[in-house]
Amino acid sequence: MAQVTRVTDHGGGVWSIPVPIPDNPLGHTLVHLLDTDRGPVLIDTGWDDPTAWDTLTAGLAACGTSVSDVHGVLITHHHPDHHGLSAQVREASGAWIAMHAADAQIVRRTREADPASWLEYLEEKLTAAGAPEEHLAPLRATRASGRAGLPGRRAALPDREIVPGELLDLAGRRLRAIWTPGHTPGHVCLHLEEAHPAAGEGAHPTAGEGAHPTAGEGADRAAGRRMPGPRMPGHGRLFSGDHLLPEITPHIGLYEDPDDATVTDPLGDYLDSLERVAALAPAEVLPAHQYAFTDAPARVRALLRHHEERLAGLLALLATPLTPWRLAEAMEWNRPWELIPYGSRNIAVSEAEAHVRRLVKLGRAEAVPGSDPVMYQAI
Ligand SMILES: [Zn+2]
Ligand SMILES: [Zn+2]
């Protein structure tokens, strides 16, 4: 049975396909299709699920192409709602898959991970964060049962590396990789350095140029024209992945790596990365969830303000020494702590730790000497 997928034509050879994420309040991943002279290139692919696959393939048909024609896949970051279907797309089309080296490393590690040692790492980490016995017991039980499974073992190893700052090798398009670590260590945004079609350039030829509409588009691309338009000030378009979303703050936790004890500062990375994309001032942002929007600098300012307020709130809580677990319990979430499911509590604690890491780095909080599990306090 042919499936109908509602796609959006953003103009200038750019489409978006909403690919469903099963049982997830986010609803969809917006998979973007970028037309190139060598065939369509996808930016992200969606969740590894039969319904998502049917939606993606029907969406490609609605864009006038097919999955077997896909020439390449660019992945903003390794999360399963972005990279899940990449293997299947590659199988159906022979397309290459490109990703930043730091996220490619996570994919490799997850594929090779032994579930039992991963659970052991998780248990140690949560114990150190002050998790209570009733939270640790199920982990121990799963490990003892020997029936632990890990998601992401089927995720595709990429064939190519996305190198920060470089133009991607795409025939007839000008797309530059902007490294935006924070949500993941290898998250990238992709900046389409071409005039926005709504600005009167590119895909829609104006009156008098009608004789060679497609030639006009090609010439604009080849020249990499950077003319800001009257209605859409700014420069080009930004595929922002999960880095910059219109209404959601992406999760920022610690970069989990059992084999690397480097003390990283993901929240600091994220805030720096926000300023990096604000400086680009794209005419439009094409995020991987929700909807396309304009005025990236205003959205960045709102997010910076949000994190500033959150850090101030945490600092107030740390007037009393707290473990990361206690801090997470005391923080404000989208629902009361008692209603937060088991797995989400792990994510919440990781987010609390990322904030504490930032405060320590700023010299505004410190570990209480000799505390075990470690407690933190405001300075
Ligand atoms: Zn993500
Ligand atoms: Zn996502």
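I'm trying to understand the selection: among the residues of region 247-264, which are of a type outside the set (A, V, I, L, M, F, W, C) and in contact with a Leu (Cβ under 8 Å, 6 or more places away or on another chain)?
Residues satisfying the conditions are Thr249, Thr264.
Being in a helix (DSSP H, G or I) and within 16 Å of ligand 2 (Cβ to nearest atom) is the filter here; which residues of region 267-302 pass it?
Correct list: Tyr270, Ser273.
With respect to the numbered conditions (1) farther than 22 Å from Arg276 by Cα; (2) in the same structural domain as His82 (by TED's automatic domain parsing), which one is the sole condition not fulfilled by Ala141?
Failing condition for Ala141: (2).
Given the options Gly236, Gly253, Gly241, name the one that is of a type outside the set (Ser, Thr, Tyr) and more than 16 Å from ligand 2 (Cβ to nearest atom).
Only one candidate qualifies: Gly236.
Out of curiosity, is Val368 crowded, with 17+ Cβ neighbours inside 10 Å and hydrophobic (A, V, I, L, M, F, W, C)?
Criteria not met by Val368.
Look through Val14, Val41, Val7 and report the one residue that is within 17 Å of Asp54 (Cβ to Cβ), modelled with pLDDT of 95 or more and of a type in the set (Val, Ile, Thr).
Val7
Between residues in region 240-254 that are within 24 Å of Leu33 (Cβ to Cβ) and residues that are near ligand 2 (Cβ under 10 Å from one of its atoms) and hydroxyl-bearing (Ser, Thr, Tyr), which pairs lie under 8 Å by C-beta distance while being six or more apart or on different chains?
Partner pairs satisfying both residue conditions: Ser240/Thr76; Gly241/Thr76; Asp242/Thr76; His243/Thr76.
Mind listing whichever residues of region 43-54 are within 16 Å of ligand 2 (Cβ to nearest atom) and touching a residue at least 40 places away in the same chain (Cβ under 8 Å)?
Residues satisfying the conditions are Ile43, Asp44, Thr45, Asp48.
Taking the conditions exactly as written (surrounded by fewer than 20 Cβ atoms within 10 Å (Cβ to Cβ) and in contact with a Phe, Trp or Tyr (Cβ under 8 Å, 6 or more places away or on another chain)), does Thr264 satisfy them or not?
Spelling it out, Thr264 is indeed surrounded by fewer than 20 Cβ atoms within 10 Å (Cβ to Cβ) and in contact with a Phe, Trp or Tyr (Cβ under 8 Å, 6 or more places away or on another chain).
Output the qualifying pairs, or none if there are none: Cβ atoms under 9 angstrom, residues six or more apart or on different chains, first residue in region 289-310 and in the same structural domain as Ile43 (by TED's automatic domain parsing) and within 16 Å of ligand 1 (Cβ to nearest atom), second residue polar (S, T, N, Q) and outside any loop (DSSP other than H, G, I, E, B).
If the second residue must be polar (S, T, N, Q) and outside any loop (DSSP other than H, G, I, E, B), the pairs left are His289/Thr29.
Working only within region 1-42, note down all residues that are more than 16 Å from ligand 2 (Cβ to nearest atom), of a type in the set (A, V, I, L, M, F, W, C) and either part of a loop (DSSP other than H, G, I, E, B) or more than 17 Å from Leu175 (Cα to Cα) (or both).
Matches in region 1-42: Met1, Ala2, Val4, Val7.
Among the residues that make up region 114-126, is at least one of them surrounded by fewer than 18 Cβ atoms within 10 Å (Cβ to Cβ) and either in the same structural domain as Leu170 (by TED's automatic domain parsing) or part of a strand (DSSP E or B) (or both)?
no
I need the full set of residues from region 327-379 which are touching a Phe, Trp or Tyr at 6+ places or on another chain (Cβ under 8 Å) and in a loop (DSSP other than H, G, I, E, B), in order please.
Selection gives Ile340, Val368, Pro373.
Are any of the residues in region 51-64 in a loop (DSSP other than H, G, I, E, B) and out of contact with any Leu (no Cβ under 8 Å at 6 or more places or on another chain)?
Yes, region 51-64 contains a residue that is in a loop (DSSP other than H, G, I, E, B) and out of contact with any Leu (no Cβ under 8 Å at 6 or more places or on another chain).
Output the residues belonging to region 127-150 that are crowded, with 17+ Cβ neighbours inside 10 Å and outside any helix (DSSP H, G or I).
Ala129, Gly130, Ala131
Output the number of the condition that Leu175 fails; it satisfies all remaining conditions of (1) over 30 Å from Val374 (Cβ atoms); (2) not assigned by TED's automatic domain parsing to the domain that holds Ser240.
Result: Leu175 passes all but (2).
Just to verify a result, which residue in region 90-100, among those that are within 13 Å of Val41 (Cα to Cα) and part of a loop (DSSP other than H, G, I, E, B), is nearest to ligand 1 (Cβ to nearest atom)?
Ala95
Which of (1) within 16 Å of ligand 1 (Cβ to nearest atom); (2) in contact with a strand residue (DSSP E or B) (Cβ under 9 Å, 6 or more places away or on another chain) is the odd one out, the single condition Leu60 does not satisfy?
Leu60 satisfies all of (1) within 16 Å of ligand 1 (Cβ to nearest atom); (2) in contact with a strand residue (DSSP E or B) (Cβ under 9 Å, 6 or more places away or on another chain) except (1).
Would you say Gln377 is closer than 24 Å to Pro246 by Cα and in contact (Cβ under 8 Å) with a residue 12 or more places away in the chain?
Criteria not met by Gln377.
If the requirement is being within 16 Å of ligand 1 (Cβ to nearest atom) and within 20 Å of the chain's Cα centre (by Cα), which of these qualifies: Asp49, Asp159, Asp103?
Going through Asp49, Asp159, Asp103 in turn, just one is within 16 Å of ligand 1 (Cβ to nearest atom) and within 20 Å of the chain's Cα centre (by Cα): Asp103.
If you scan region 68-89, which residues turn out to be outside any helix (DSSP H, G or I) and without any contact (Cβ under 8 Å) to a residue 40 or more places away in the chain?
Hits for region 68-89 are Val70, His71, Val73.
The values are calculated or read from the model by the stated rules, or taken from the named source; none is laboratory data. Here the structure is a predicted model, which means the values were calculated and not measured. Cβ sites come from the backbone with ideal geometry, for glycine too, and all protein chains shown count toward neighbours.
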